[in-house]
Amino acid sequence: MGHSDTHQKLHGMFNDRDFDAMDAHLDTSFTYEDVPRGLTLHDAAEFKDWLRGWTTAFSDARIVAREYLEGSDFSVSLFQGTGRNDGPFGDLPPTDRNMDVPYCEIMHYGPGGKVASCQIYYDQVTLLSQLGHINPTGVTA
């Protein structure tokens, strides 16, 4: 099984909400960085709590339209994150609006083949605009 296969499995586990099954693929030193939010998660438990935050905000959240690339110690996924905002998103109230945002996720693998670290990139302005929390044009309706 290659690194992109592991990446795909983890995305499938997200879509199935099988977060505990992810442990088998994460190194004990695992870290995850949500770059747009300036947030670093220091272990699998924090990562799974972060995922649960997304699925609380978007109960039907899905990773779709996925593309995977891999190298000797990394994999990259370009995907769309979709879902209806039907729960609180951090401190923000639900808006019942849809998100459809492109993401880029880079996983780095340790010598044992497990994910040692990961970074995710996405456009927070697009996400918050789609949810109606900000107006990027500055024009009010």
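Taking every Cα-Cα distance in the chain and sorting them into 5 Å bins from zero, the calculated P(r) comes out as 2, 10, 18, 23, 21, 12, 7, 4, 2, 1, 0 percent. Which whole-angstrom value gives the distance between the alpha carbon centres of segment 60-83 and segment 88-135? Segment 60-83 and segment 88-135 have Cα centres spaced 12 Å from each other.
With R₀ set to 22 Å, the beta-carbon distance separating Arg37 from His108 gives a calculated FRET efficiency near 0.65. Largest GNM mean-square fluctuation among Phe89, Phe74, Phe58, using the chain with Cα springs under 10 Å: Phe89.
Net charge in the neighbourhood of Cys104 (other residues with Cβ under 11 Å of its Cβ; Lys, Arg +1, Asp, Glu -1) is -3. Comparing Ala65, Ala57, Ala44 in a Gaussian network model of the chain (Cα springs below 10 Å), the most mobile by mean-square fluctuation is Ala65. The order of Thr126, Thr31, going from fewest to most other C-beta atoms within 10 Å of their C-beta, is Thr126, Thr31. Here segment 82-141 was treated as a single set of alpha-carbon atoms; its pair distances binned every 5 Å from 0 give 4, 15, 20, 17, 15, 10, 8, 6, 3, 1, 1 percent.
Positive contributions from Lys and Arg (+1) and negative ones from Asp and Glu (-1), summed over other residues with Cβ under 11 Å from the Cβ of Ser129, come out at 0. GluC sites (Glu not before Pro) within segment 1-102: which are DSSP loop residues with at most 12 other Cβ atoms inside 10 Å? Loop-located and lightly packed - none at all. The relative contact order of the chain comes to 23 percent, based on Cα pairs under 8 Å that sit 6 or more residues apart.
Bear in mind these aren't lab numbers, they're just calculated from the coordinates by the rules spelled out. Because the structure is a prediction, the values reported are computed rather than measured. Note that each Cβ is placed from the backbone with ideal geometry, even for glycine, and that neighbours are counted across all protein chains shown.
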